[in-house]
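Data first, discussion second: the structure below is written as structure tokens.
The values are calculated or read from the model by the stated rules, or taken from the named source; none is laboratory data. None of these values were measured; they are calculated from a predicted model. Surface accessibility is based on the protein's heavy atoms, side chains included, excluding ligands, DNA and RNA. Shrake-Rupley method; radii C 1.70, N 1.55, O 1.52, S 1.80 Å.
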Amino acid sequence: MSKQVERTDADTETDLSKGEIFDVLQNERRRYTLQYLREHDGPVQLGDLASHVAAQEYDCPNAEVTSAQRKRVYTTLQQSHLPRMHDAGIVEYDDENGTIARTAHTEELTVYLEIVPGSEFPWREYYLSLGAVSLAIVTVLWVGVYPFTVIPPLVWTTLIAVVLSVSAVYHTYAGREMTLTEFAAREAESED
């Protein structure tokens with residue numbers, strides 16, 4: 001008996017809500033599924049997908065994935081993750097044939113797969129700190145605390161704007177293409 005749900009064109013044309021997007025992306029196996037679909041053009045087999053996801057989870061090459069590891073991943077993909085992604089219109093899943101194909105929403109979600117590697121500086125904390133320091137300087141200038149009033153306010157403003165702009169340019173340049181695929185490739189290169 002097939003679990004495949006017939007989808008109409010109207011179903012695939014509706015936008016995903018933020019809740020649906022975050023619900024799908026909160027699970028690592030679903031993120032790895034999207035990554036795998038992004039790397040392959042046509043429909044993929046559930047067995048191949050399960051091997052890939054297991055290799056990612058257990059941090060080993062596909063050839064070293066044990067049958068128990070593959071089966072564990074295969075079962076949860078088949079029974080839980082793929083039907084959920086199918087119902088949301090993110091993938092087309094046919095459980096009778098064991099195939100998974102992309103939809104229009106699959107490509108939309110790959111944008112959200114950007115990650116921050118472990119060695120990367122935590123940018124949101126940096127910008128929060130920069131904002132806090134800037135507010136402290138403005139407050140001190142407003143109150144008129146002596147060492148800070150020696151430098152004119154316009155110089156302080158220019159300094160803050162330059163630091164913010166240089167930081168944003170560097171952050172944009174350094175993180176422009178950092179996705180799961182590129183991160184995995186960089187990690188593999190660094191291990192060689």
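Accessible surface ranking for L130, L109, 1.4 angstrom probe, highest first: L130, L109. Amide H contacts for T103 (H built 1.01 Å from N in the peptide plane; partners 5 or more residues away or on another chain; cut-off under 5 Å): E92.
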